[in-house]
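The values are calculated or read from the model by the stated rules, or taken from the named source; none is laboratory data. The structure displayed is predicted, hence computed values, not measured ones. Here Cβ is always computed from backbone atoms with ideal geometry, including for glycine, and neighbour counts include all displayed protein chains. For the accessible areas, the whole protein counts, side chains as well, though only heavy atoms, and no ligand, DNA or RNA atoms are used. Shrake-Rupley method; radii C 1.70, N 1.55, O 1.52, S 1.80 Å.
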Amino acid sequence: MLFYEDLPGESTMEFGSHDVTRDELIAFAREFDPQPMHVDPEWPGGLIASGWFTTGLLMRLTVEGFVNGIASMGSPGVERCDWLAPVKPGDVLRAHARIAGKRPSKSRPDIGLFGMENGLTNQRGTPVIAMRGTMIVRRRGDGA
Amino acid sequence: MPWFDELVVGERWDLGAHVFEREEILRFARVFDPQPFHLDEEAAKASLFGRLSASGWHTAAVCMRLIVETSVRLYGPPAAGGARIGVSPGFSDMRWTKPVLVGDEIAYSSEIVAKRETSRPGWGLVSHRNVGVNARGETAISFGSSVFWSRRRA
């Protein structure tokens with residue numbers, strides 16, 4: 001388990017890939033984004049993923065590949081997220097991230113913050129999503 | 001469904017409310033945000049909030065569902081030859097300001113904050129500010145979103 005003090009000042013990582021299936025796109029969209037282009041397998045031009053599915057997938061791969069290995073305390077939010085290209089059934093999406101800007105919290109001595117830029121790239125090398133946000137991590141110095 | 005040209009900046013939709021139950025919090029987090037404080041009450045005790053909380057992506061995804069349902073309720077499903085809502089290029093300024101805990105009811109709203117013509121023929125871009133407020137009147141989540149919207153042909 002890495003704490004704030006163990007994190008590098010700047011680091012680029014690649015982790016995890018996922019094969020997108022039609023069924024998971026439809027299942028997600030039926031529950032959270034039931035617009036026709038996300039739920040209709042016969043949609044002209046082909047069914048595409050909801051951007052929120054792609055965001056959730058990026059989150060899962062980032063959590064499994066990095067966040068669950070650090071003393072994460074979550075995030076106050078995300079600055080921006082761009083859905084750059086359509087995601088379709090059969091796509092293979094690889095996750096990558098860059099962390100930078102490690103700094104102590106101004107309000108609490110037991111946590112620190114860092115910036116994260118992460119994204120997914122498909123099998124053609126096309127970025128499909130790019131996100132930039134802030135993560136909170138515990139400091140080892142709190143006696144834990 | 002109104003055309004892009006008919007939309008009014010400042011128009012606000014009441015999207016309705018959703019109660020976040022324990023099972024759905026766990027089900028979403030298992031798939032999309034498997035951090036311990038979204039999966040387990042014991043682990044959540046050590047978190048910033050001290051209790052099991054919903055993933056911020058879950059509270060955002062529910063807002064999306066309510067936006068789609070509200071659009072259908074107000075305008076019906078998209079009709080051939082009529083105005084259409086297109087794809088979204090993304091979102092911005094996502095803030096998770098209060099934890100959403102088991103049993104919390106979040107009331108959502110969406111307001112048009114800007115609209116502009118684009119270089120895409122037939123499409124304008126509409127920007128919204130979407131907000132979720134808990135039963136204590138505190139904003140739990142807010143984010144900006146944008147979506148392409150079809151323009152009336154001249």
If you scan the range B:129-154, which residues turn out to be closer than 30 Å to B:SER47 by Cβ, open to solvent by less than 50 Å² (accessible area, probe 1.4 Å) and in contact (Cβ under 8 Å) with a residue 24 or more places away in the chain?
B:ASN130, B:GLY132, B:VAL133, B:ASN134, B:ALA140, B:ILE141, B:SER142, B:PHE143, B:GLY144, B:SER145
So, A:THR21, is that one in contact with a strand residue (DSSP E or B) (Cβ under 8 Å, 6 or more places away or on another chain) and among the polar types (S, T, N, Q) or not?
no
Which residues, taken from the range B:29-41, are at the interface with chain A (Cβ under 8 Å from one of its Cβ atoms) and under 17 Å from A:LEU58 (Cα atoms)?
B:VAL31, B:PHE32, B:ASP33, B:PRO34, B:GLN35
What single numbered condition from (1) under 15 Å from B:VAL87 (Cα atoms); (2) in a loop (DSSP other than H, G, I, E, B) fails to hold for B:ARG152?
(1)
Would you tally the residues in the range B:111-154 being more than 16 Å from the chain's Cα centre (by Cα) and among the polar types (S, T, N, Q)?
3
If we keep just the residues of the range A:4-37 that are loosely packed, with under 13 Cβ neighbours inside 10 Å and under 17 Å from the mean Cα position of the chain (by Cα), which is nearest to B:VAL68 (Cα to Cα)?
A:ASP19
Say whether the condition of being open to solvent by less than 30 Å² (accessible area, probe 1.4 Å), at the interface with chain B (Cβ under 10 Å from one of its Cβ atoms) and in contact with a strand residue (DSSP E or B) (Cβ under 8 Å, 6 or more places away or on another chain) is met by at least one residue in the range A:38-48.
no
How about the range B:41-81: which of its residues are basic (Lys, Arg) and under 15 Å from B:TRP13 (Cβ atoms)?
B:ARG65, B:ARG73
Within the range A:21-37, is there a residue that is modelled with pLDDT under 95, of a type in the set (Ser, Thr, Tyr) and not in a helix (DSSP H, G or I)?
no
Looking only at the range A:58-86, filter to residues that are of a type in the set (A, V, I, L, M, F, W, C) and facing another protein chain (nearest Cβ under 7 Å); which one of those is nearest to B:SER53 (Cα to Cα)?
A:MET73
